[in-house]
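First the structure, in the form of structure tokens, and then the observations on it.
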Amino acid sequence: MKRIALLPEGTVSHEAIRYLIGDTPYELLFYKYIADVFQAVDKGKADYSVIPIENTIDGSVSLHMDWLVHEVDIQMQAEWVYPSIQNLIGYRSEFTNDQGELDLSKVVKIMSHPVALPQCKEFIQTTAAQAELESAGSTAEAVEIVKHNPGKGWTALGTKLAASKHGLDILAGKVTDHDNNFTRFVLIGHQPISLPRKPEGQRTSILVTPPQDFPGALHQVLSAFAWRRLNLSRIESRPTKKQLGNYYFYIEILESLDSVLLPAAFAEIEALGCHVRILGSYPSYKYVEVVEPILEEQ
């Protein structure tokens with residue numbers, strides 16, 4: 001059975017990979033730190049790793065992109081998006097008034113991952129402004145801490161999956177400030193993965209490193225794609241970490257390496273003296289919300 005490494009059980013990464021693989025049998029290996037998730041494939045402990053690389057609200061996850069570029073040499077094998085939905089989680093019995101109604105003014109502390117807390121800023125300010133905010137290693141870890149500290153008025157921002165795992169209640173659902181808060185994930189590994197669902201399209205990710213910082217460098221690189229009418233979905237510059245002012249360009253193309261035009265574009269860019277590194281050419285999967293049917297009363 002193939003093994004997939006990811007962040008702790010009950011995180012959005014966990015929900016996301018369950019959505020992607022469906023009923024396909026894979027062994028999930030949970031790690032506390034993202035460095036261990038990356039290294040699991042490198043060290044042969046896992047066949048694939050789940051890596052969040054971009055978010056609707058926060059943009060690129062720079063730390064994870066740097067890991068892909070500088071720390072490991074592992075190809076992207078699939079990419080998909082999944083909604084980052086946070087919920088306020090705790091023991092409901094701690095937050096009810098004498099009438100049995102939910103009273104969030106009794107919340108003493110809200111814990112979560114440092115990325116999740118600001119994504120729920122508006123909800124916190126309007127419903128539990130009195131609460132102390134505290135960061136945890138992950139949303140799942142925050143939920144687990146609340147589980148082991150009953151009676152203190154502590155809550156966590158996390159997933160329904162984490163609440164179910166730890167036997168806690170959803171005090172408020174979907175508390176992120178933006179309804180369109182999606183996270184983009186990539187599955188990295190040394191071999192292509194076979195999935196039952198149909199991809200929306202193909203995508204290729206590359207790094208282009210100019211020989212030096214010269215005027216018009218990016219323009220010349222982009223021209224190789226433009227006149228061939230190759231559609232780019234993302235362009236980002238990141239430091240090479242070799243010298244101040246030296247950057248590489250991370251570029252995503254909505255095309256497969258099987259295309260005749262793409263290798264030709266790479267050859268033109270390399271003729272300019274640039275180095276092209278292919279990070280992966282992989283299927284792209286779109287998120288489709290599953291709506292449960294409403295049963296009419298008979």
* **Phi to ³J(HN,Hα) by Karplus 6.51 cos²θ - 1.76 cosθ + 1.60 over segment 197-209, Hz, x for Gly, Pro** => 7, 8, x, 6, x, 10, 9, 10, 10, 9, 10, 10, 10
* Asked: Antiparallel DSSP bridges in segment 87-172: what percent, to the nearest 5?
  -> 50
* Probe 1.4 Å - accessible area at Glu132, Å² to nearest ten -> 90
* **Listed residue (Ala267, Tyr248, Leu88) projecting farthest to the positive dipole end of the chain, Cβ model** => Ala267
* In debye to the nearest 20, how big a dipole does segment 103-181 give about its Cα centre with +1 on each Lys and Arg Cβ and -1 on each Asp and Glu Cβ? -> 180
* Structure fact -> Candidates for Cα extents along the principal axes in Å are (1) 75, 48, 40; (2) 73, 49, 33; (3) 93, 40, 39, and the calculated one carries label (1)
* Let me know the charge dipole size of segment 118-249 about its Cα centre in debye, to the nearest 20, where only the beta-carbon of Lys, Arg (+1) and Asp, Glu (-1) is charged. => 680
* What are the lysines whose alpha-carbon lies under 23 Å from the alpha-carbon of Lys109, with same-chain residues fewer than 8 places away excluded? -> Lys32, Lys121, Lys147, Lys152, Lys160, Lys165, Lys174
* How big is the antiparallel share of DSSP beta bridges in segment 1-112, given as a percent to the nearest 5? -> 35
* Structure fact -> Sorting Ser164, Ser84 on solvent-accessible surface, 1.4 Å probe, most exposed first, gives Ser164, Ser84
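Among 115-125, 25-35, how do they line up from the highest to the lowest mean number of other beta-carbon atoms within 10 Å?
115-125, 25-35
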* Structure fact -> Taking the dipole of segment 1-158 about the Cα centre (Lys, Arg +1; Asp, Glu -1; charges at Cβ), the one of Tyr33, Val107, Thr139 that reaches farthest to the positive side is Val107
* Could you pull the accessible area for Met111 with a 1.4 Å probe, rounded to 10 Å²? => 0
* To do: Note down the nm distance, to one decimal, between modelled labels 7 Å out along Cα→Cβ at Asn180 and at Arg234.
  => 1.7
* Asked: How much of the DSSP beta bridge set in the chain is antiparallel, as a percent to the nearest 5?
  -> 75
* Please list 85-91, 258-264 highest first by mean number of surrounding beta-carbon atoms within 10 Å per residue. => 85-91, 258-264
* **Lys, Arg +1 and Asp, Glu -1 on Cβ, resulting dipole of the chain about Cα centre, debye, nearest 20** => 680
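The values are calculated or read from the model by the stated rules, or taken from the named source; none is laboratory data. Remember, it's a predicted structure, so these values are computed and weren't measured experimentally. Positions of Cβ are generated from backbone atoms using ideal geometry, with glycine treated the same way; all protein chains shown enter the neighbour counts. These area figures cover heavy atoms from the full protein model, side chains too; ligands, DNA and RNA do not enter into them. Shrake-Rupley method; radii C 1.70, N 1.55, O 1.52, S 1.80 Å.
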